[in-house]
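Participant: Below you will find the structure I want to go over with you.
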Amino acid sequence: AIAEEIWSGESSVINIHGQEIPVSQVIVVHKNNKGIPIFLGIIMHHIGHLKQIENHLLKRASQLAVAKSELEHAKAQDEAILKNIGEGLVFTLISRKIVFINKAAEEILGWKLDEIVGQTWPECLPATDEFGSILPLHALPIYQAIKTKKRVSFAFPHIIYYTRKNKTHFPVIVT
């Protein structure tokens, strides 16, 4: 501080009870008119409560970093499963906008992920009955499940035909 004429930083002092107290300090060198230091001015501020908060935040940040790493690992596992599962999976929002299809769905449907994301189901993947008539939205079991937020099941297998990008149809059994 003497060479620099001013210093600021954190340190600690020992109080009269022998306890270490964290402080923020500013030390200013006061010189006479010849430039010789004659005394030091010291301003201290007790920062114990700030250090407690800082330690708590550092601990919490460490916990969050571990949780983030665990989530990233779980996400990577989930993505690997979704991409490689043998069944075709199509994920939509409640609004029926398609947000993801896996590789098997790409192969089954003839659509690439980047071509179909953002499109609305079932408009881009029409569903028909065995006679080729397009089924209305309310007749689709998956739509019923989305709307009612309840499981939809049938006493006997129910067959719906979905339409691929190339306009050919394939059967889907709904149970």
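The values are calculated or read from the model by the stated rules, or taken from the named source; none is laboratory data. Since this is a predicted model, take the numbers as computed values, not measurements. Cβ sites come from the backbone with ideal geometry, for glycine too, and all protein chains shown count toward neighbours. When the accessible area is computed, the model is the full protein with side chains, heavy atoms only, and any ligands, DNA or RNA have been set aside. Shrake-Rupley method; radii C 1.70, N 1.55, O 1.52, S 1.80 Å.
Participant: Quick one: in the range 139-161, of everything that is more than 14 Å from I94 (Cα to Cα) and of a type in the set (F, W, Y), which residue is surrounded by the fewest Cβ atoms within 10 Å (Cβ to Cβ)?
Facilitator: Per the criteria, the residue is F156.
Participant: From the list I6, I14, I53, I21, exactly one residue is among the hydrophobic types (A, V, I, L, M, F, W, C) and touching a residue at least 24 places away in the same chain (Cβ under 8 Å). Which is it? Before the answer, list the steps.
Facilitator: Details: I6 fails: touching a residue at least 24 places away in the same chain (Cβ under 8 Å); I14 fails: touching a residue at least 24 places away in the same chain (Cβ under 8 Å); I53 fails: touching a residue at least 24 places away in the same chain (Cβ under 8 Å).
Residue meeting the stated conditions: I21.
Participant: Would it be correct to say that L82 is part of a helix (DSSP H, G or I), of a type outside the set (F, W, Y) and modelled with pLDDT of 95 or more?
Facilitator: Details: part of a helix (DSSP H, G or I): yes; of a type outside the set (F, W, Y): yes; modelled with pLDDT of 95 or more: no.
Here the answer is no, as L82 does not meet what is asked.
Participant: Determine whether the range 162-171 contains at least one residue that is part of a loop (DSSP other than H, G, I, E, B), touching a residue at least 24 places away in the same chain (Cβ under 8 Å) and hydrophobic (A, V, I, L, M, F, W, C).
Facilitator: no
Participant: Sticking with this structure for a sec: Please work out which residue is most open to solvent (accessible area, probe 1.4 Å), limiting yourself to the range 101-137 and to residues that are over 10 Å from V90 (Cα atoms) and among the aromatic types (F, W, Y).
Facilitator: F131
Participant: Now a separate question. L93: surrounded by 13 or more Cβ atoms within 10 Å (Cβ to Cβ), closer than 30 Å to I142 by Cα, hydrophobic (A, V, I, L, M, F, W, C) and at pLDDT below 95, yes or no?
Facilitator: On the way: surrounded by 13 or more Cβ atoms within 10 Å (Cβ to Cβ): no; closer than 30 Å to I142 by Cα: yes; hydrophobic (A, V, I, L, M, F, W, C): yes; at pLDDT below 95: yes.
Here the answer is no, as L93 does not meet what is asked.
Participant: Identify, please: which residue in the range 1-36 is open to solvent by 90 Å² or more (accessible area, probe 1.4 Å) and assigned to a strand (DSSP E or B) and is, among those, farthest from Q52 (Cα to Cα)?
Facilitator: Step by step, filter the range 1-36, then rank; the result is I6.
Participant: With surrounded by 10 or more Cβ atoms within 10 Å (Cβ to Cβ), in contact with a Pro (Cβ under 8 Å, 6 or more places away or on another chain) and part of a helix (DSSP H, G or I) as the only criterion, which of K51, K68 stands out?
Facilitator: Values: K68 fails: in contact with a Pro (Cβ under 8 Å, 6 or more places away or on another chain).
Only one candidate qualifies: K51.
Participant: Looking at (1) among the aliphatic types (A, V, I, L, M); (2) surrounded by 13 or more Cβ atoms within 10 Å (Cβ to Cβ); (3) assigned to a loop (DSSP other than H, G, I, E, B), which is the one condition that is false for M44?
Facilitator: Of (1) among the aliphatic types (A, V, I, L, M); (2) surrounded by 13 or more Cβ atoms within 10 Å (Cβ to Cβ); (3) assigned to a loop (DSSP other than H, G, I, E, B), only one is false for M44: (3).
Participant: I'd like to check something: does the range 91-110 contain any residue that is part of a loop (DSSP other than H, G, I, E, B) and within 18 Å of the chain's Cα centre (by Cα)? Spell out the reasoning first.
Facilitator: Kept after step one, since they are part of a loop (DSSP other than H, G, I, E, B), are these residues of the range 91-110: 93-96, 102, 110.
Cutting the leftovers down to within 18 Å of the chain's Cα centre (by Cα) gives us 93.
Checked the range 91-110: at least one residue is part of a loop (DSSP other than H, G, I, E, B) and within 18 Å of the chain's Cα centre (by Cα).
Participant: Return yes or no: is E87 out of contact with any strand residue (DSSP E or B) (no Cβ under 7 Å at 6 or more places or on another chain), surrounded by 10 or more Cβ atoms within 10 Å (Cβ to Cβ) and of a type in the set (D, E)?
Facilitator: Working: out of contact with any strand residue (DSSP E or B) (no Cβ under 7 Å at 6 or more places or on another chain): yes; surrounded by 10 or more Cβ atoms within 10 Å (Cβ to Cβ): no; of a type in the set (D, E): yes.
No; evaluated as a whole, the condition is false for this residue.
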